[in-house]
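What follows is a short report on a single structure.
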């Protein structure tokens, strides 16, 4: 099948290459000329494990191309919309300009029987409005909503081997035709027995925002427990291990620490609240405001903890920050808790050096006021405190004995509860972490 993918950022580029891997003829469209040129040269414009190899392989087959001209999508039968929906400046609501522009641009190449399949995360009600636009301008063309559930660091795996497929379809015969097209697109995935949820537009839109809201709530729950653990002397890691044995709760996403960031969870829960307010159902999601507040408090608490460790003052203290990306195996620094903490430490007079295996280049562009280092050892040279703020494997596996030789003071703050406390304490380090007793 000939497929177009509108928007070739993180989501779109991975989706385009993955669809080519499934055997389709794919054209990726993006307005960013530099991005298109980079992708066409088989260079990934972002860090994502496995994507470089997938991009090179699929481009070499001749089934994958990239362009800035939406006219090159002519002849495609299914058009995936994968553009961003950032938070509006000064508001909680999602900015839908890019989604609307993408669908409007497609109207010139759509034909009866073609399918527009939205993958962007949008407020409930968006798909119904866009479906009216598509059907009104191109009778016989259809719109479905097919949300993505990618985890950064596992995006290729999650696209080619998803844990479910969600189809939000129009009613009647159009819905049957749309489902048949999507089943053809995902034929190998469907054949593998992947669970399918076939529903209406509104439910499909809510699946993604509800899932992100639940994950954010679970993260903030354990971080709220961490606050109580600090007040009572309890240990949040042992608490999480204990309640995680209950299969109704589960251990995943119960790692207390600096909280969530990135380009999805923060803006998605805020957009969900904003949309609930527009619908007159704002009381249903008021708890998400506290979820957001708990998350932001973790950053403030980490700065306070660093000041405590540094004898009550950060002025002139050398602080190493290990991690800049909002999560490991990514170079994404959007709403990064690590960089937010690093900047706050600097504002309070600390001499801060930041390092990250993949995100330093992005960090330099967005946070040029910070100082950067290429390695943990360089960042920690003569440091008075070391903060582990992104749980990269390289940091979890540091040798505390050897690492202790480069610092001025063996003081580590484990912002992700990622280190083996006993090993670091045995090597002579003072160990602190959110929600845990000092070691």
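Looking at the stretch 184-191, is at least one residue without any contact (Cβ under 8 Å) to a residue 60 or more places away in the chain and farther than 30 Å from residue 299 by Cβ?
Among the residues of the stretch 184-191, at least one is without any contact (Cβ under 8 Å) to a residue 60 or more places away in the chain and farther than 30 Å from residue 299 by Cβ, which makes the answer yes.
Answer yes if at least one residue in the stretch 341-352 is farther than 23 Å from residue 430 by Cα, touching a residue at least 24 places away in the same chain (Cβ under 8 Å) and surrounded by fewer than 20 Cβ atoms within 10 Å (Cβ to Cβ), and no otherwise. Quick ask: steps written out before the conclusion?
Applying the first criterion (farther than 23 Å from residue 430 by Cα) to the stretch 341-352 yields 343, 347.
Still in the list and also touching a residue at least 24 places away in the same chain (Cβ under 8 Å): 343.
Imposing the further condition that a residue be surrounded by fewer than 20 Cβ atoms within 10 Å (Cβ to Cβ) reduces the set to 343.
Within the stretch 341-352 (the criterion being farther than 23 Å from residue 430 by Cα, touching a residue at least 24 places away in the same chain (Cβ under 8 Å) and surrounded by fewer than 20 Cβ atoms within 10 Å (Cβ to Cβ)), the answer is yes, since at least one residue qualifies.
Restricting the search to the stretch 391-417, which residues are in contact (Cβ under 8 Å) with a residue 60 or more places away in the chain and part of a loop (DSSP other than H, G, I, E, B)?
391, 392, 407, 408, 415, 416, 417
Before we move on, is residue 117 in contact (Cβ under 8 Å) with a residue 12 or more places away in the chain, within 16 Å of residue 3 (Cβ to Cβ) and crowded, with 17+ Cβ neighbours inside 10 Å?
Details: in contact (Cβ under 8 Å) with a residue 12 or more places away in the chain: yes; within 16 Å of residue 3 (Cβ to Cβ): yes; crowded, with 17+ Cβ neighbours inside 10 Å: yes.
Here the answer is yes, as residue 117 does meet what is asked.
For the stretch 94-107, give me the residue count where each residue is part of a loop (DSSP other than H, G, I, E, B) and either surrounded by fewer than 17 Cβ atoms within 10 Å (Cβ to Cβ) or on the phi > 0 side of the Ramachandran plot (or both).
Of the residues in the stretch 94-107, 2 are part of a loop (DSSP other than H, G, I, E, B) and either surrounded by fewer than 17 Cβ atoms within 10 Å (Cβ to Cβ) or on the phi > 0 side of the Ramachandran plot (or both).
To keep it simple, each residue is scored yes or no on (1) surrounded by fewer than 20 Cβ atoms within 10 Å (Cβ to Cβ); (2) out of contact with any strand residue (DSSP E or B) (no Cβ under 6 Å at 6 or more places or on another chain); (3) under 28 Å from residue 431 (Cβ atoms); (4) free of Cβ contacts under 8 Å to residues at least 24 places away in the same chain.
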{"residue": "258", "(1), (2), (3), (4)": "no, yes, yes, no"}
{"residue": "261", "(1), (2), (3), (4)": "no, yes, yes, no"}
{"residue": "266", "(1), (2), (3), (4)": "no, yes, no, no"}
{"residue": "269", "(1), (2), (3), (4)": "no, yes, no, no"}
{"residue": "287", "(1), (2), (3), (4)": "yes, yes, no, no"}
{"residue": "293", "(1), (2), (3), (4)": "yes, yes, yes, yes"}
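Counting only residues that are in contact with a helix residue (DSSP H, G or I) (Cβ under 8 Å, 6 or more places away or on another chain) and surrounded by fewer than 19 Cβ atoms within 10 Å (Cβ to Cβ), which one in the stretch 237-251 is nearest to residue 340 (Cα to Cα)? Please lay out each step first, then the result.
At the first step, the residues of the stretch 237-251 found to be in contact with a helix residue (DSSP H, G or I) (Cβ under 8 Å, 6 or more places away or on another chain) are 239-240, 249-251.
Adding the requirement that they be surrounded by fewer than 19 Cβ atoms within 10 Å (Cβ to Cβ) leaves 249-251.
Working: 249: 30, 250: 30, 251: 27 Å.
Step by step, filter the stretch 237-251, then rank; the result is 251.
Can you say whether residue 228 is within 22 Å of residue 306 (Cβ to Cβ), part of a loop (DSSP other than H, G, I, E, B) and modelled with pLDDT of 95 or more, as far as the supplied structure shows?
The answer is no for residue 228.
Determine which member of the set 90, 84 is without any contact (Cβ under 8 Å) to a residue 12 or more places away in the chain and closer than 28 Å to residue 289 by Cβ.
After ruling out the rest, the residue left standing is 90.
Between 59, 64, 54, which is under 28 Å from residue 177 (Cα atoms) and surrounded by 17 or more Cβ atoms within 10 Å (Cβ to Cβ)?
64
Out of all the residues in the stretch 312-333, is one or more exposed (fewer than 15 other Cβ atoms within 10 Å of the Cβ), over 21 Å from residue 414 (Cα atoms) and in contact (Cβ under 8 Å) with a residue 40 or more places away in the chain?
No, because not a single residue in the stretch 312-333 is exposed (fewer than 15 other Cβ atoms within 10 Å of the Cβ), over 21 Å from residue 414 (Cα atoms) and in contact (Cβ under 8 Å) with a residue 40 or more places away in the chain.
Any idea how many residues of the stretch 421-439 are assigned to a loop (DSSP other than H, G, I, E, B) and either buried (at least 20 other Cβ atoms within 10 Å of the Cβ) or modelled with pLDDT under 95 (or both)?
The number of residues fulfilling the criteria is 7.
I'd like the full set of residues that are over 19 Å from residue 20 (Cβ atoms) and within 28 Å of the chain's Cα centre (by Cα), limited to the stretch 155-178.
If the condition is that a residue be over 19 Å from residue 20 (Cβ atoms) and within 28 Å of the chain's Cα centre (by Cα), then 163, 164, 166, 167, 168, 169 are the ones that fit.
Regarding residue 15, is this residue assigned to a helix (DSSP H, G or I) and surrounded by 21 or more Cβ atoms within 10 Å (Cβ to Cβ)?
So residue 15 fits the description; yes.
The values are calculated or read from the model by the stated rules, or taken from the named source; none is laboratory data. Keep in mind that this is a model prediction, so the values were computed, not measured. Note that we place each Cβ from the backbone using ideal geometry, even for glycine, and neighbour counts take in every protein chain shown.
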